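The values are calculated or read from the model by the stated rules, or taken from the named source; none is laboratory data. From a predicted model like this one, the values you see are computed outputs, not experimental measurements. Methodologically, a virtual Cβ is constructed for each residue, glycine included, from the backbone with ideal geometry; neighbour enumeration extends over all protein chains shown.
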There are 4 protein chains.
Amino acid sequence: MITSEIFYNILYAHTDKMGVVYYSKYLEFFEAGRNDILKKIGYPYSKLEEKNYALPVIEVSCKYHNYARYDDLIKIKTIINDIPAVRFKLEYEITCDEKKIVTGYTVHSFVNMQKIKPVKPPEDFIVCLRKFI
Amino acid sequence: MITSEIFYNILYAHTDKMGVVYYSKYLEFFEAGRNDILKKIGYPYSKLEEKNYALPVIEVSCKYHNYARYDDLIKIKTIINDIPAVRFKLEYEITCDEKKIVTGYTVHSFVNMQKIKPVKPPEDFIVCLRKFI
Amino acid sequence: MITSEIFYNILYAHTDKMGVVYYSKYLEFFEAGRNDILKKIGYPYSKLEEKNYALPVIEVSCKYHNYARYDDLIKIKTIINDIPAVRFKLEYEITCDEKKIVTGYTVHSFVNMQKIKPVKPPEDFIVCLRKFI
Amino acid sequence: MITSEIFYNILYAHTDKMGVVYYSKYLEFFEAGRNDILKKIGYPYSKLEEKNYALPVIEVSCKYHNYARYDDLIKIKTIINDIPAVRFKLEYEITCDEKKIVTGYTVHSFVNMQKIKPVKPPEDFIVCLRKFI
């Protein structure tokens, strides 16, 4: 298992008229976590792009447990549990002061941008992951 | 079953550098569909608010089947299958020229904003739904 | 002078915790108006793209006169006053029930995407504009 | 003059299909800078809220000099030059590796949220500012 943790400060831009973070914003926070964990394993997303790979999302699931509010400092924990085959799953736990806010996961497909079709992940990506899993 | 359909024109604002609609934007399109279907049954969300109810989301699920792109005219179909008890589920199908783009659902909880606790939906809301289901 | 008018229904997604539309969202509404007026003159933005032109923004100005709120139906009026040389200016007036909400303008540069440098607008674009101005 | 600097990592969420940051996103980065400089002077925005003040924006101006791209680490510099009377002006310079990306300013009005009318800033806010200006 690999995990990474980043922190984000909630802006007015993230909130809605109920005074809490609007539900779609958590998917942006998931992306921030995803970028961070890929850097942590030594394979930033930009390196995937350079090799003509992309990781389009094919599935998202979120459970909303509590509200995050303006000026909250949320912690975005990202987790990779398994070496991906064609599909790549990441899990997320967003908390604020130990209180669980949102949990969820995204599933991505490795795609070759020249052929525009699903492919296996690059060999060196798996090598990077294997150092941790 | 109740359904509603609205159309939305994709802006640059919705796209990301992969040239397709960014994955969180579909949750905004879901909200647009949700607002529309509540108006269609004669119980707009603003009426819920006036009565001190809110419908915070507690769960989201999305499957991404195809990409929507700039200037696409997407169709957002929203579906209510069941009379809600405490939890209220809505389903969504986003298509473009008959091509399935995203499907998903949201689950909401009825909340009394004064007591800030989950409650049953207002009686007249159920009456409105029963005309269709 | 050319003008176009479109309508937009305010979502929770557009609001912030003050209960009004967040200030950056109006720039998305400006884009919606821009897309519409270009279609109206018979030269949609996608046609510019096909010819390898882009219209990156180089300047924005907004004045906020009143608040738009959830479920408001805003009117986005877009205005082109002048035939562009290298720079292309569009003006916007966002109103709700005749009440002025936001006024502003954007200035864009015509750019050739292959040379990535500012250029004059395509000849047939000017021809389309001249039918109106 | 007071200045603050924060850094932000560009996500896919911020980009559009031209591969660069979408023009409205900079207004969110301005807000992040605004929050930061208010904390720096010892008067966070949440303190204004507690005292029933708000700072709605009444004017925005942006000039776009260069593009920021995915994964860029941008620096948001926020500047307060003057002690506000009723109107409060903040200036912003967004750079990436010393390259100027966007410059702009916002003008805000102090508003009493109970009376919903423009007022002078709270006395202790001015005291905080005077330590720096």
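Residue-by-condition table, conditions (1) polar (S, T, N, Q); (2) farther than 25 Å from D:Lys100 by Cβ; (3) without any contact (Cβ under 8 Å) to a residue 40 or more places away in the chain:
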residue	(1), (2), (3)
C:Leu38	no, yes, yes
C:Lys47	no, yes, yes
C:Arg87	no, no, yes
C:Tyr92	no, yes, no
C:Lys100	no, yes, yes
C:Gly104	no, no, no
C:Met113	no, no, no
C:Ile116	no, no, yes
C:Cys128	no, yes, no
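Conditions tested, residue by residue: (1) touching an Asp or Glu at 6+ places or on another chain (Cβ under 9 Å); (2) under 22 Å from A:Val111 (Cβ atoms); (3) modelled with pLDDT of 95 or more.
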residue	(1), (2), (3)
A:Tyr12	yes, no, yes
A:Asp16	yes, no, yes
A:Tyr26	no, no, yes
A:Ser46	yes, yes, yes
A:Glu59	no, yes, yes
A:His65	no, no, yes
A:Leu73	yes, no, yes
A:Ala85	no, yes, no
A:Ile94	no, no, yes
note = Checked the stretch A:34-65 for anything of a type in the set (Lys, Arg) and farther than 16 Å from D:Ala13 by Cα; matches are A:Lys39, A:Lys40, A:Lys47, A:Lys51, A:Lys63
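So which residues in the stretch B:109-127 are part of a loop (DSSP other than H, G, I, E, B) and β-branched (Val, Ile, Thr), if there are any at all?
Taking the stretch B:109-127 and keeping what is part of a loop (DSSP other than H, G, I, E, B), we get B:110, B:113-116, B:119-122.
Residues satisfying the conditions are B:Ile116, B:Val119.
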query = Any idea which of C:Ile133, C:Ile80, C:Ile116 is β-branched (Val, Ile, Thr) and surrounded by 15 or more Cβ atoms within 10 Å (Cβ to Cβ)?
reply = C:Ile80
inquiry  = Would you confirm, using the coordinates I've provided, whether D:Tyr43 is over 30 Å from D:Asn112 (Cβ atoms), touching a helix residue (DSSP H, G or I) at 6+ places or on another chain (Cβ under 8 Å) and not aliphatic (A, V, I, L, M)?
reply    = no
inquiry  = Condition (residue is over 20 Å from D:Ile2 (Cβ atoms) and within 14 Å of chain C (Cβ to nearest Cβ)) applied to the stretch D:72-93: is it met by at least one residue?
reply    = no
request  = Answer yes or no: is there a residue in the stretch C:97-119 that is within 20 Å of C:Glu28 (Cβ to Cβ) and in contact with a Gly (Cβ under 7 Å, 6 or more places away or on another chain).
outcome  = no
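Which residue, of D:Val60, D:Val20, is within 7 Å of chain C (Cβ to nearest Cβ) and surrounded by 18 or more Cβ atoms within 10 Å (Cβ to Cβ)?
It is D:Val60.
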task = Tell me which residues, restricted to the stretch B:5-36, are over 22 Å from C:Ser46 (Cβ atoms), out of contact with any Gly (no Cβ under 9 Å at 6 or more places or on another chain) and touching a residue at least 12 places away in the same chain (Cβ under 8 Å).
result = B:Tyr23, B:Ala32, B:Gly33, B:Arg34, B:Asp36
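On the basis of being at pLDDT 95 or above and touching a helix residue (DSSP H, G or I) at 6+ places or on another chain (Cβ under 9 Å), does D:Arg69 make the cut? Outline the logic, then answer.
Details: at pLDDT 95 or above: yes; touching a helix residue (DSSP H, G or I) at 6+ places or on another chain (Cβ under 9 Å): no.
Judged against the criteria, D:Arg69 is not a match.
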request  = Just give me the residues in the stretch D:93-108 being touching a Cys at 6+ places or on another chain (Cβ under 9 Å) and of a type outside the set (Val, Ile, Thr), in sequence order.
outcome  = D:Gly104, D:Tyr105
